[in-house]
Amino acid sequence: MKKLILKVTVFIAGAVTMMLELVGVRILTPYFGASSLIWTGLIGIILASLSLGYWIGGKLADKKSSLNQLSLIVFIAGMNIALISILKEPLLLTTRQSIKNIYFGLLFDSLILLAPPSVLLGTVTPYAAKLSILSLKKTGSTIGNLYAISTIGSIMATFLTGFILLPSFGNTKILILTSLILITNSIAIYQAKGKILKITGILVSLFLLLYINKINLVATKEDFIDIDSQYNRVWIYKTNQKSIINKPNPPMIVLSTGGTGFQTAFPLGGNQGLISEYLKSFGLAKSLTSIKSALMIGGGGYSYVKEFLSSCPRARLDVVEIDSKLTQLAKKFFGLTKNRRLEIFHEDGRVFLAETDKKYDAIFIDAFNSLTPPYHLLTKEFLKSVYKSLNDNGVVMTNTISAVEGEKGRFLRSSYFTYKIVFNQVTALRVNKNIPEKEIQNIVIIGIKNSKKNSMEALIRKIKKNSNYELVNSMTKDVPILTDDYSPADFYALKIFQDMKSYSGPNYLAYYQKGLQLMIGDLIGN
């Protein structure tokens, strides 16, 4: 029985470690962007913490090994994870507003939130190995078996968390679930001592679960939705805050996958027009080519999809949106309805272009993880697929968030010169010329497949009629072409994300306070 309990404990520790890592990405992404930076920082911290845990576990086991002490380690790990569910948003919000350097902020938050439970979970396997060894002749096989069991737990948790738990329950409830599993496991390891303390731990976790539900209730009443899909952590809320380019906005409901800026804005109060200037600029495609069929990569809240179907009543539009949950939310909150001229594909945009035989007159690219497009939608190889899928007079328009000059403009310049490698004519359009070129703004890269000068001349004439638009006159080629083999665009974008001046997400601190007031009211019967 003892061997079985130890094997189950090691399996659970391995599973929880991987669940914590996957949930950690969802916790950090809204505050630090969706890029390789998140994975680099988080994996580094967790691996370092596990290594420290292995060392501590071996030392503790050599001094004195007992089921009771292992039970205490597992219990403390469970309580620690329960506390993460409450501390994460206030800590991350405070860090985002007070620590300017994005690297330091990410490492600090990862250390505070994820390192302690990772160290504790790391102690479990070497400690359990000492308790399991009955004969020196089988030391190697015993230790090997336990680490194999731990790894199997991690593998199973990876699939379970990514495919089922995150889309179904969200990161906060998963944290509390893992807390309950660990605390229950600690009771099973050794029941004779500390039973009251561990039962108290379960009650605390259940209290936190109820508290989280109260917070969610408050947030929902105030029109804030926090949803985890298979691909994103999605926030939907009402706001009239300034946009990421400090442009005043009317009251609106927005969809955001990051705490700085938003991916979709839907005006409130009857006005159904577009809010984002870069989406309005997509309409310039009609001056470059006759559009009978178009493709949009990145549906988001489907704002431009509705505009396109309205302004091009005879054209068909295909939309490739990898996240089916965003499509569901667009139907529920942003007015997306069925249309016989609209077909939606839930798959990766690059995979779609590689497999389709369709040809389009225009392709619009507005796919973002937080502030940057997925890196594989920026490379020369991807753009060749875009080129192949366009008709002879086709045009591609891609939304980019960047400056033009300086370090903050490297993201734009790397994308622009990559387009120049593939397309016959390329230009970059600033949708608000009043913003200095050194400041972060929306810039639309336009690629024209044909080489006829009259196409670009038609665009220039159209732009001159709009007092807000301005073409970028020149750019310094001080960056490499983006390829599948080498694409440092994520790192260029970090400078942009780091320099964003304000957090524009929900006020979590207010939700926590009101949720606590509701809990206290329920307990005292008010």
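Results, tabulated for the structure shown:
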{"quantity": "DSSP-assigned coil residues among trypsin sites (Lys or Arg not before Pro) in the range 1-90, each with at most 10 further Cβ atoms within 10 Å", "calculated": "LYS64"}
{"quantity": "Mean residue ellipticity (222 nm) of the chain, computed from DSSP H runs ≥ 4 via -39,500 (n - 2.57), nearest 500", "calculated": "-18500 deg cm²/dmol"}
{"quantity": "Euclidean distance between Cα centres, the range 281-295 to the range 357-404, Å", "calculated": "14"}
{"quantity": "Dimensions in Å of the chain - Rg and Dmax from alpha carbons", "calculated": "26.2, 86"}
{"quantity": "The range 86-126: C-alpha gyration tensor shape, a/c 1.5 cut-off, then a/b vs b/c", "calculated": "oblate"}
{"quantity": "Relative contact order of the chain, defined on C-alpha pairs under 8 angstrom at six or more residues apart (%)", "calculated": "15"}
{"quantity": "The range 277-498: antiparallel DSSP beta bridges as a percent of all, rounded to 5", "calculated": "50"}
{"quantity": "Approximate spin-label separation ASN507-TRP55, in nm, with each point projected 7 Å along Cα-to-Cβ", "calculated": "4.5"}
{"quantity": "Reference-scaled alpha-carbon Rg (2.2 N^0.38 Å with N residues) for the range 272-321", "calculated": "1.06"}
{"quantity": "Shape category assigned to the range 363-487 from the gyration tensor of Cα positions, a/c cut at 1.5", "calculated": "oblate"}
{"quantity": "Debye-sum result for the range 277-498 in log10 I(q)/I(0), which assumes one identical scatterer on each alpha carbon, at q = 0.10, 0.16 Å⁻¹", "calculated": "-0.41, -1.13"}
{"quantity": "Alpha-carbon radius of gyration plus Dmax, which is the widest Cα pair, for the range 2-222 in Å", "calculated": "17.8, 64"}
{"quantity": "With Cα atoms, 0 to 90° folded angle of helix 195-221 axis to the chain main axis", "calculated": "20"}
{"quantity": "Local electrostatic count, SER455, Cβ distance below 13 Å [Lys/Arg +1, Asp/Glu -1]", "calculated": "+3"}
{"quantity": "Per-selection metrics, the range 255-368 (Cα): Rg and Dmax in Å", "calculated": "13.6, 42"}
{"quantity": "Under 15 Å, Cβ to Cβ, from ILE481 - net charge with Lys/Arg +1 and Asp/Glu -1", "calculated": "+2"}
{"quantity": "Nearby lysines by direct alpha-carbon distance to LYS88 (threshold 19 angstrom, same-chain neighbours under 8 apart not counted)", "calculated": "LYS100, LYS173, LYS214, LYS514"}
{"quantity": "Share antiparallel - DSSP beta bridges, the chain, percent rounded to 5", "calculated": "60"}
{"quantity": "Tensor-based shape of the range 136-222 (alpha-carbon gyration tensor, a/c under 1.5 rounded, otherwise prolate or oblate)", "calculated": "oblate"}
{"quantity": "Residues of type aspartates and glutamates that LYS452 reaches as a straight line, Cα spacing below 16 Å, ignoring anything fewer than 8 places off in the same chain", "calculated": "ASP361, ASP392"}
{"quantity": "Under 5 Å, built H, 5+ apart or other chain: amide partners of SER293", "calculated": "ARG316, ASP361, ALA362"}
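The numbers here are math on the coordinates, done by the rules we state, and not lab data. None of these values were measured; they are calculated from a predicted model. Note that each Cβ is placed from the backbone with ideal geometry, even for glycine, and that neighbours are counted across all protein chains shown.
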